[in-house]
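What follows is a single structure, written as structure tokens, with notes after it.
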Amino acid sequence: MAQLSTAAPPPVVLGVALTIARRERPRPLASTIRTRSVKLRIDPSLEQIYLIEATLPGNLECLGPLTQPGVVALYLRAARLELLPPAHPSGRAHHRSALAALSSGNCFITTQSRKALLAVFDEEDIQPDHIQMEVQGRVNLLDYLRADWFTLELSGTHRRRFNRPLPLRLQLEFETQMAALA
């Protein structure tokens, strides 16, 4: 078994822009398609679900240090969601309380039919412009991020519908462990 190096290499930081889309009304289908619709009255106090995913290549420049010889493990150190400015400013001040609409969230990484929970948040973790997520467990994520492709998923609940899309930046900071050189 290889010894682990005591010198800590710099962290690997992966930042991904994600957008929670605003809920849109269903569009009517062409008249040639027969459909059946059911109208439901949903209690407005119920939380609603969101799910966003980003599939990324494993050869991103920020993941370059993972290809160096001697890297034996990769662990999530910190996870953070930041509110981004809107892509098309409307002239009004950016509504910073948009994050307050979120109730909870989970961040997962998936590759080749394997899925791992990375971090979670709930209402207590939400600040006006960012959310500091709580890292879950200490899973070696090296094989996930060395894969040809991997998917980051953010899912959870929110308390109210969004008037406009909610642009976010998911920032994951990893610590690497190196084998000691003999």
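Taking amide H as placed 1.01 Å from N in the peptide plane, the amide H of Ser104 sits under 5 Å from that of Thr157, each at least 5 places away or on another chain. Measuring r between the beta carbons of Arg160 and Leu56 and using R0 = 25 Å, the FRET efficiency lands at 0.25. If you take the Cα centroid of the stretch 98-152 and the Cα centroid of the stretch 159-178, the two points sit 8 Å apart. Evaluating 6.51 cos²θ - 1.76 cosθ + 1.60 at θ = phi - 60° for every residue in the stretch 51-56, the Karplus couplings come out as 8, 9, 9, 9, 9, 10 Hz, glycine and proline recorded as x.
Counted by neighbouring Cβ atoms within 10 Å, the residues Leu63, Leu170 run from fewest to most as Leu63, Leu170.
Read-outs throughout are calculated quantities, based only on the coordinates presented, and are distinct from any laboratory measurement. Nothing here was measured: the structure is a model prediction, and the numbers come from that model. Positions of Cβ are generated from backbone atoms using ideal geometry, with glycine treated the same way; all protein chains shown enter the neighbour counts.
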